[in-house]
Amino acid sequence: MPETVDQIGRAQERASPVPSTRALYRKYRSRTFAELVGQEHVTRTLRNAARTGRVAHAYLFSGPRGVGKTSAARLLAKAVNCTNSTDGEPCDKCDSCVAIAEGRAIDVVEIDAASNRGIDEIRGLRERVGYAPAGSRYRFYILDEAHMLTGEAANAFLKTLEEPPEHAVFVLVTTEAHRVPATVVSRCQRLEFRRLTMRAIVQQLDRICSEEGIASERAALELIARSATGSMRDAIALLDQLVAYSGDTLTVDQIRAVIGLAGTDVAVALLSAVLDRAPATGLRLINRCVDEGADPRLIAREVVDLLRSILLVKAGPDLADVLDLTEETVADVKRLAQRVSTTEALAMIRIFLQTETQSRALGPVQLPLELALLDSIDRLASPAASPVEQTPTPLPRSTPRPLPRQARPPDPSPVEPAAPAASPELVPPAPEPSAPGSTASPTLARQTASPAPAFTGALSDIAHRWSDVIERMGNLNRTVQAILRDARPISYQAPNLTLGTRHTFHRDRLNEDRTRATIESALRAVLGGDWVVRCVVDDGSSAPAIAKPIDRLAAVMEDPVVKGAITLGWRVRRITKNQETVYDAESQNDTAAPGAPGEDAGGPR
């Protein structure tokens, strides 16, 4: 036979032909300290205080929402006023316990400080606090949302809070302890409530499902617990909502259909698509989840949580124990951690965190998440994401003489970093036989970088260095950078630059004042000068003229280092920029230029 009032009430509700209208989180509110989940440090303190009679005159319960703060205040009132208390635990049977559990005890006064926050309400409380309890040892005053009290009300409350009558106990409950005045906090005994672990929430949900006769999948309960973010009340309320939808059976598919949750498996698949450099797979997955009702922001949040877990695992294998994840998910995290570096994980976290702020932009709801996916793949494929050290290649020992040493210019003032310049690949001349007994000549490391050529004012020069502008935009605004990849320069008449894009939405976004100012700033950093940018819809017919490869060669030939190398008999074989070949001597045999391959080059082959 049920022993407690709670068990009796639940048995009667199950036996009644009329369904109960009580919400599950109210129905399964903790009735004893033993039922308060995940707050053992709090329940032990309060139980010992009730057992020894060392009850403070004022408490401050702070912590996240839905973790049992108000329930703990009621349990303290029950334990202190219980006539049959055992070792500080309320019996939950006496008249006082029953009245408090049912919310009709006149000696437990609950005040919503959010709606009773003024000085007049506190003055009324100060007048009532002097009255003795009606039939209990103590009269409890529970102030919920205590941080909402005005400054005047808090000051008027100080004296009463510091020296209340012996029969009065105040319990201030708040989710934002930092907003409670320090003068109030110093007069209270503060107890900090913790966010509940996923394991604790799943166990409680499983117990509720067993008592309610609900068949549930373990994965479904884990999905509910993860979405509750440590709040037991949120988890039980979500369970109540899902039961109303699905009846007595809970599955993962039903949860995703109702509340739009994606789950860790979607985050794992999405991150795998990024690491596999498979944008089509990732985009298909995103759109399928959105079509099924998933919220793109929640998908991004799952990816960020997964990347955080990867960082913890990479920081130390023993940190896998602190992850609040299932064993299967932990195995996925360890597998992915072997494929991604810490730098790449940090970069992707920053990219996916931006989807929260970008979700208010116009366009499809999944666009920010799609941009984050493509940006992450582009970052992983970019040389900047995984720099590779290149070993300098020394010249042959038979080099006739070293390059002339040039005077070192004075240190310039700090300026913006220049855009990447084209890098020539120099081929040494054929070695000449050395005289007997000759000593080795000094070696010369291959030059792999030269200053960026000055902007000539031609549209073709803008087109050649457009990738540098887009790269620079990544430091200013990643959203604009992603849209700018679809645009290209189509006309230029200083200082006016016209960009063409295929989509009206992109045109409108690039023509916004703030966006144009950002693009003009990137252009000044890469090309210098003043710019006025506008964007139009372009069908692709107005393609800018691209300079011939020989133009690139002529620009590189002006580099003093290259000139010095050519005087020693070196020749230019290939010019690359951003890992893309912009000049290849083998395909330009019909072109004669100083230092280029050919008999007219002016140097040995």
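Can you tell me which residue in region 484-531 is surrounded by the most Cβ atoms within 10 Å (Cβ to Cβ), limited to those that are out of contact with any Ser or Thr (no Cβ under 6 Å at 6 or more places or on another chain) and polar (S, T, N, Q)?
Within region 484-531, the match that is surrounded by the most Cβ atoms within 10 Å (Cβ to Cβ) is THR501.
Report, by residue number, each residue of region 37-70 that is surrounded by fewer than 23 Cβ atoms within 10 Å (Cβ to Cβ), part of a helix (DSSP H, G or I) and small (Gly, Ala, Ser).
Of everything in region 37-70, just one residue is surrounded by fewer than 23 Cβ atoms within 10 Å (Cβ to Cβ), part of a helix (DSSP H, G or I) and small (Gly, Ala, Ser), namely ALA49.
Would you point out the residue of region 268-291, among those that are part of a loop (DSSP other than H, G, I, E, B) and not hydrophobic (A, V, I, L, M, F, W, C), that is farthest from ASP375 (Cα to Cα)?
In this case the residue turns out to be ASP276.
Inside region 338-361, can you point out the residues that are within 26 Å of ASP295 (Cα to Cα) and of a type in the set (Gly, Ala, Ser)?
Residues satisfying the conditions are ALA345, ALA347, SER359, ALA361.
Can you pull out the residues in region 186-230 that are more than 20 Å from GLY260 (Cβ to Cβ) and touching a Cys at 6+ places or on another chain (Cβ under 8 Å)?
ALA215
Conditions (1) among the aliphatic types (A, V, I, L, M); (2) closer than 28 Å to GLN39 by Cβ, marked per residue:
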{"position": "ARG199", "(1), (2)": "no, yes"}
{"position": "GLU222", "(1), (2)": "no, yes"}
{"position": "LEU238", "(1), (2)": "yes, yes"}
{"position": "GLY247", "(1), (2)": "no, no"}
{"position": "ASP265", "(1), (2)": "no, no"}
{"position": "LEU270", "(1), (2)": "yes, no"}
{"position": "VAL304", "(1), (2)": "yes, yes"}
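Residues in region 187-206: is at least one closer than 30 Å to ILE122 by Cα, aliphatic (A, V, I, L, M) and in contact (Cβ under 8 Å) with a residue 24 or more places away in the chain?
yes
Is there a residue being touching a Phe, Trp or Tyr at 6+ places or on another chain (Cβ under 9 Å) and of a type in the set (Val, Ile, Thr) anywhere in region 258-275?
Looking for residues that are touching a Phe, Trp or Tyr at 6+ places or on another chain (Cβ under 9 Å) and of a type in the set (Val, Ile, Thr), one finds at least one in region 258-275, hence yes.
With the requirement that a residue be of a type outside the set (A, V, I, L, M, F, W, C) and buried (at least 22 other Cβ atoms within 10 Å of the Cβ), what does region 256-272 give you?
The answer is GLY263, THR264.
Restricting to region 106-131, and then to whatever is modelled with pLDDT under 90 and assigned to a loop (DSSP other than H, G, I, E, B), can you tell me which residue is farthest from LEU60 (Cα to Cα)?
Among those residues, the one meeting the criterion is TYR131.
Are there any pairs, at least 6 apart or on different chains, whose C-beta atoms fall under 7 Å, with the first in region 131-159 and within 12 Å of LEU172 (Cβ to Cβ) and the second among the polar types (S, T, N, Q) and modelled with pLDDT of 90 or more, and if so, which?
From residues that are within 12 Å of LEU172 (Cβ to Cβ), the pairs are ILE142/THR70; ASP144/THR70; GLU145/THR174; ALA146/THR174; HIS147/THR174.
Among the candidates ARG335, ARG350, which residue alone is assigned to a helix (DSSP H, G or I), closer than 20 Å to THR281 by Cβ and not small (Gly, Ala, Ser)?
So the residue among ARG335, ARG350 that is assigned to a helix (DSSP H, G or I), closer than 20 Å to THR281 by Cβ and not small (Gly, Ala, Ser) is ARG335.
Which of the helices (runs of 4 or more DSSP H) contained wholly in region 200-267 include at least 2 residues that are at pLDDT 90 or above and out of contact with any Leu (no Cβ under 6 Å at 6 or more places or on another chain)?
232-246
Please indicate, with yes or no, whether at least one residue in region 527-535 is of a type in the set (Lys, Arg), under 34 Å from the mean Cα position of the chain (by Cα), part of a strand (DSSP E or B) and at pLDDT 70 or above.
Scanning region 527-535 turns up at least one residue that is of a type in the set (Lys, Arg), under 34 Å from the mean Cα position of the chain (by Cα), part of a strand (DSSP E or B) and at pLDDT 70 or above.
Taking the conditions exactly as written (modelled with pLDDT of 95 or more and not assigned by the TED database to the domain that holds ALA225), does PHE33 satisfy them or not?
For PHE33, the condition - modelled with pLDDT of 95 or more and not assigned by the TED database to the domain that holds ALA225 - is not met.
Identify, from the list GLN338, GLN358, GLN366, the residue that is surrounded by 14 or more Cβ atoms within 10 Å (Cβ to Cβ), at pLDDT 75 or above, polar (S, T, N, Q) and assigned by the TED database to the domain that holds PRO279.
When all the criteria are applied, what remains is GLN366.
Give just the number: which of (1) farther than 17 Å from LEU223 by Cβ; (2) without any contact (Cβ under 8 Å) to a residue 24 or more places away in the chain does GLU327 not satisfy?
(1)
What's the number of the only condition in (1) assigned to a helix (DSSP H, G or I); (2) of a type in the set (A, V, I, L, M); (3) at pLDDT below 90 that ALA294 fails to meet?
The number of the failed condition is (1).
Mind counting the residues in region 297-332 that are in a loop (DSSP other than H, G, I, E, B), closer than 15 Å to VAL266 by Cβ and of a type in the set (A, V, I, L, M, F, W, C)?
Counting residues in region 297-332 that are in a loop (DSSP other than H, G, I, E, B), closer than 15 Å to VAL266 by Cβ and of a type in the set (A, V, I, L, M, F, W, C) gives 1.
Name every residue in region 178-220 that is of a type in the set (A, V, I, L, M) and either over 16 Å from GLY68 (Cβ atoms) or touching a Gly at 6+ places or on another chain (Cβ under 6 Å) (or both), in order of residue number.
Hits for region 178-220 are VAL180, ALA182, VAL184, VAL185, LEU196, MET198, ALA200, VAL202, ILE214, ALA215, ALA219, ALA220.
The values are calculated or read from the model by the stated rules, or taken from the named source; none is laboratory data. The structure presented is a predicted model; accordingly, all values stated were derived computationally and were not measured. Positions of Cβ are generated from backbone atoms using ideal geometry, with glycine treated the same way; all protein chains shown enter the neighbour counts.
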